[in-house]
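Okay, structure first, notes after.
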Amino acid sequence: MSIEDKVIEILSSSQNYVSGTNLASMLGVSRATVNRVIKKLIAKGYPVDVQPRLGYRLVMIDDLSSLSLYVKNLNTNVKYSVHYLPACSSTQDIAESLAIEGASEGTVVIAERMERGRGRLRRSWSASEGGLWFSVILRPPFVKNLQLVTLAIGVGVASGIRKSTGLDVKLKWPNDVLYNGKKVGGILVEGKLEADKVHYIIAGIGVNVNNTLPPELTELATTLSSAAGKKLNRIPIFLSILRELDAQYSLLLKGEEKNVVKEWKKLSCTLNKMVEVIMDNEKIVGLAVDLLPDGALLVKTGEGEFRKIYSGDITHLREA
């Protein structure tokens, strides 16, 4: 990574000004070198705000079409690239088409709005302008099960939101992100897998940021801007999610699934709650007592039976 890339990485990770002295210290260079690098970046079109006595700040305008400018400087194991669309039917469908054509791992399809956004169990997803609607192509050499991938993506999304906004979002098993009990985000993981080969995995992510929700959803869902009490810039949130997604995905690749499960438990709002589970034609009511190493939810029924839940609709009933 060049010194210019390192400066962009540092500035894009900070919400505040970074002084020239601190930049020089972090990079191990002189203040004069920092000044020269900043001038080069400005000449290349990077929106760097320079303020005497405060330092430097990367001014990120809430314009998703400019994401490539910032994504290429992310210091992540996955090398992301962005395909931006003003509108599309579904980023998931487009990402899958690109994956079939051979698109590299880290390819991101993002749209301002989706006409036919979908979630788990083929349910429709409201995806109007102002939110973050994107899909990421992953190509792991192996995967134990997609449930663990879903949990890892969930931790990445929730951690990214928490770090970029300060909002105390939580995870509901298996694939929802909640704020104060209302849904602000969802994850859909799909892929083409064979017994001995993973062709691709598509991680679809939807986050309500500044979008307007249909009236019929406001009892169950909310937006990050409503939670924060102000309009939010989506770019820092998006970049933060990509960083945290990369960290969790890297754990899976290193065989450290237990650490993904550990992080998920820390962010969970499902564990220690009474839940109702609908799967196939069966309804289970009980206490969600644990998340197992394979990603299954362990539920203790009123009869004292322990059930492993791998899929199904979960409703939180009340605190245990």
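Here are the numbers for this structure:
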| item | result |
| --- | --- |
| Meets criteria (in contact with a helix residue (DSSP H, G or I) (Cβ under 7 Å, 6 or more places away or on another chain), of a type in the set (Ser, Thr, Tyr) and outside the structural domain of residue 9 (by TED's automatic domain parsing)) for residue 311 | no |
| Hits in the stretch 188-215 (condition: under 18 Å from residue 155 (Cα atoms) and free of Cβ contacts under 8 Å to residues at least 60 places away in the same chain) | 189 |
| Residues of the stretch 234-269 satisfying the condition of being in contact with a Ser or Thr (Cβ under 9 Å, 6 or more places away or on another chain) and not in a helix (DSSP H, G or I) | 256 |
| Subset of the stretch 296-316 (residues that are free of Cβ contacts under 8 Å to residues at least 24 places away in the same chain and β-branched (Val, Ile, Thr)) | 301 |
| Single match in 172, 231 (criterion: among the basic types (Lys, Arg) and surrounded by 14 or more Cβ atoms within 10 Å (Cβ to Cβ)) | 172 |
| Evaluation of residue 218 against (1) among the hydroxyl-bearing types (Ser, Thr, Tyr); (2) under 20 Å from residue 15 (Cβ atoms); (3) without any contact (Cβ under 8 Å) to a residue 12 or more places away in the chain (one fails), failing number | (2) |
| Evaluation of residue 293 against (1) without any contact (Cβ under 8 Å) to a residue 60 or more places away in the chain; (2) within 30 Å of residue 164 (Cβ to Cβ); (3) not in a loop (DSSP other than H, G, I, E, B) (one fails), failing number | (3) |
| The stretch 266-290: number of residues that are of a type in the set (Gly, Ala, Ser) and in contact (Cβ under 8 Å) with a residue 24 or more places away in the chain | 2 |
| From the options 145, 211, 180, residue that is surrounded by fewer than 23 Cβ atoms within 10 Å (Cβ to Cβ) and closer than 25 Å to residue 64 by Cα | 211 |
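Rundown of residues vs (1) surrounded by 13 or more Cβ atoms within 10 Å (Cβ to Cβ); (2) within 21 Å of the chain's Cα centre (by Cα); (3) over 26 Å from residue 179 (Cβ atoms), yes/no style:
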{"residue": "257", "(1), (2), (3)": "yes, yes, yes"}
{"residue": "267", "(1), (2), (3)": "yes, yes, no"}
{"residue": "280", "(1), (2), (3)": "no, no, yes"}
{"residue": "289", "(1), (2), (3)": "yes, no, no"}
{"residue": "299", "(1), (2), (3)": "yes, no, no"}
{"residue": "307", "(1), (2), (3)": "yes, no, yes"}
{"residue": "316", "(1), (2), (3)": "yes, no, no"}
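The values are calculated or read from the model by the stated rules, or taken from the named source; none is laboratory data. Quick caveat: nothing in here was measured; it's all calculated off a predicted structure. Please note: Cβ atoms are built from the backbone with ideal geometry, for glycine as well, and neighbour counts cover all protein chains shown.
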